[in-house]
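Accompanying notes for the structure given below.
Nothing in this text is a laboratory measurement; each read-out follows from the coordinates by a stated rule. Here the structure is a predicted model, which means the values were calculated and not measured. FYI the Cβ positions are ideal-geometry reconstructions off the backbone, even for glycines, and counts take in every protein chain you see.
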């Protein structure tokens, strides 16, 4: 039976890639392990190997094709005695076999994240345009969050020699998630520093360099690994300014992917927004869009305080409009009203926004007009913007992926209750991840994360809509 | 040169010292050096004695770790530094601050938690800093300052200056994981940092013999290719000789170096420690046979650098400075309540 060669996933979050090159042609004999083709994503280039021996019967996806979905059939291998005419009979079987595996991430994305667009879509463009910090008529450039982060670092490194980036695989490998791509070539090994895999040590080293007046950007491959470094982040970076009576602080940015990616299990799927937001002496930023990622990272690098900059692997590849400005810097500590509305307020941030955006689209079809606030900064928190909105709508739902106890949402709920109790027309609902370590199984992971349905139900509940 | 003759559980055999390459060198101090070392060590001694008294009287709260017995280490090291070199240490830090040239009044007022303290009363015994004197604290988490001090050295190298950072830590901190993470990076990147392990034999109440598989701490950099020397930390001239060599090593771009200072604290780990884990004899023996200040004093008198009366005059001057600092620190006001919310963010 002909064997389908499928587009492989190169990482837990990859959804599509480019088939850059075929190394075998139709009719070639192939053995198991032979390299058939090269595929490329924005993160890496990888080889596709034959999984069985036979003859390359048909190339389904020609070289140079972009946006090839993971699990799409890219070629067919024929076993001995088969001919091209046999191709086709195998397809249904292959699809059926692949389905259970493919389903989970796909379904999760379909309501968890806006689909990765080949070109930016209209609703996305509206987000940045509504930002008052961008002058009317500014040209918008479709940019991935990944590129936006890199551009922010590069611009700040060009402007200030004291800024440097250090972390695991940031230099020669071009970044484990390709955020630092190209920086080594431009700035050299003095300013783009590959570290050993020793988070505690290099976080402390970075803080020491900051205390001496440099402006380090410390990349954690993921914030899950930063738990090894949390003592230096909290005890040294956050507290030194206070303990020294204002004499010296630590102008440093700790950044990297935070929260769940896709099926990477309990130890690699944790959101630290509420953890770090508990600490006086830290600023905590968690952008959703590429424009915010760029403008806020530039602000974080310039900030004289330690800033925790929480990114998200699933958002890295997503494209948003970023204003083309010489120096686009956003204020830390200011929320952004993603959409105005009058019936209820949703407050979210980071990847939580993807659930909220989907939900308000559905809710608007039901005639419920939601105001959606993207918090952007968790600490200091722009509570006035939230309170103003609640005064208008009287109803509040918060959405985040982190654990439910002592979440950012419960903090918002407490403070809104204290400061705007008389304006509330319904109990606040806080939507968060479930109170469990992240499971691996696709279906369980989906259950552990928030979903659009929960957000819709919550808004219906606070607006007393059946 | 056996560093000491004590026969306690943690006593080192001279052979072990030889094996590690005990630096052995002694700087031939001239009269001015001897007098300077004497005065500075005495200042630390008297300051700490006063701090102990004020603690007993309730003027100093919380944790207070006295440096008495170890004075030769910071004084000898500091005499080898130049402008711009940085110092960072753990929580037994009063001696380091005074050696760096920080004012006794400001340090004592911090101990009493008053507004004129170096951190305006917000740091306390374990957390004082002086940007002006290049003193970077004052850190309360065992071993934390080792990574930070490595970062200070990183900044020197990044800027291309020839300054050196001194990262002090104890025999207890020497077993912390991040110390070795820092060693690795410092050796890898040839960072100009002198790691000074003040081996006073007890990590709180646990002797090095009971806590450390390799209690010759000068060897701890071996697997990173970091050279190390054991130094008689009770002899300020030996400390100085090792310091000169170590600092020159760093300044010339050869990377980090380790100095294990064989020293001893006379007091308990902190004020609440009755030090039951060692014998009174052991302490007495160190005091009577190896006291760093008495050693200098004896030489000064023997070589007639100064008379008994001259030394008494120095002692009087030191006592006056300390008494003034103590008076100041008791009379100074507590920080204004508004200080609670300052210096959290810039």
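Just a few scattered comments:
- For the stretch A:5-23 versus the stretch A:285-363, the gap between their alpha-carbon centres in whole angstrom: 29 Å
- C-alpha long axis of helix A:290-302 to longest principal axis of chain A, angle in °: 50 degrees
- Whole-number D in µm²/s for the stretch A:298-440 (Stokes-Einstein; Kirkwood sum over Cα pairs; 4 °C, 1.567 mPa s): 80 µm²/s
- On full extension, the segment bounded by residue A:42 and residue A:72 gains 9.0 nm, given 0.36 nm per residue less the C-alpha separation.
- Across B:303, B:188, B:54, mean-square fluctuation computed from a Gaussian network of chain B (C-alpha pairs under 10 Å connected) peaks at B:303.
- Cα shape, chain A, gyration tensor, a/c 1.5 rule: oblate
- Remark: spin-label model distance residue B:316-residue A:49 equals 8.7 nm, labels positioned 7 Å along the Cα→Cβ axis.
- Kirkwood hydrodynamic radius (C-alpha pairs) into Stokes-Einstein, chain B, 20 °C and 1.002 mPa s, D in µm²/s: 106 µm²/s
- Between residue B:289 and residue B:213, the distance separating the two model label sites (each 7 Å from Cα on the Cα→Cβ line) works out to 3.2 nm.
- For the stretch A:122-323, Kirkwood radius (reciprocal of mean inverse C-alpha pair distance, Å): 17.0 Å
- FRET efficiency estimate (nearest 0.05) - Cβ-Cβ, residue A:421 to residue B:131, R0 51 angstrom: 0.65
- Chain A: angle of helix A:452-462 to the longest principal axis, Cα-based, in degrees nearest 10: 30 degrees
- As a proxy for reagent exposure, A:366, B:234, A:140, A:286 were ordered by neighbouring Cβ count within 10 angstrom, fewest first; the result is A:366, A:140, B:234, A:286.
- Using a Förster distance of 56 Å, the FRET efficiency for residue B:303-residue A:434 (Cβ separation, nearest 0.05): 0.10
- Its Cα gyration tensor gives the stretch A:377-437 an equivalent ellipsoid. The semi-axes, each the square root of 5 times an eigenvalue, are 21, 13, 9 Å from largest down.
- Of all DSSP beta bridges in chain A, antiparallel share, percent nearest 5: 50 percent
- C-alpha long axis of helix A:91-112 to longest principal axis of chain A, angle in °: 10 degrees
- Mean-position separation - Cα centroids, the stretch B:138-170 and the stretch A:152-191, in angstrom: 23 Å
- With a Förster radius of 51 Å applied to the beta-carbon distance between residue B:272 and residue A:457, the computed FRET efficiency rounds to 0.35.
- Residue-averaged [θ]222 nm for chain A, counting only DSSP H segments that reach four residues, each worth -39500 (n - 2.57): -9000 deg cm²/dmol
- Under 14 Å from the residue B:223 label point (7 Å along Cα→beta-carbon), backbone N, the stretch B:183-211: B:183-185
- In nm, spacing of pseudo-spin labels at residue B:161 and residue A:79 (7 Å Cα→C-beta vector): 7.3 nm
- Centroid-to-centroid separation of the stretch B:190-220 and the stretch B:244-276 [C-alpha atoms, Å]: 8 Å
- Shape class for the stretch B:197-341: rounded, because the ratio a/c of the largest to smallest gyration tensor axis (alpha-carbon atoms, square roots of eigenvalues) is under 1.5.
- Counting every other Cβ atom within 10 Å of each residue's Cβ, B:345, A:372, B:166 order from fewest to most as B:345, A:372, B:166.
- Highest GNM mean-square fluctuation among B:329, B:203, B:72, for chain B modelled with Cα contacts below 10 Å: B:203.
- Summarising the strand pairing of the stretch B:35-327, around 10 percent of its internal DSSP beta bridges are antiparallel.
- GNM remark for chain B: springs join alpha carbons under 10 Å apart, and the peak mean-square fluctuation among B:280, B:50, B:297 falls on B:280.
- The stretch A:207-309 - share of DSSP beta bridges that are antiparallel (%, nearest 5): 10 percent
- Globularity ratio of the protein assembly as shown, using Cα Rg and 2.2 N^0.38 Å: 1.13
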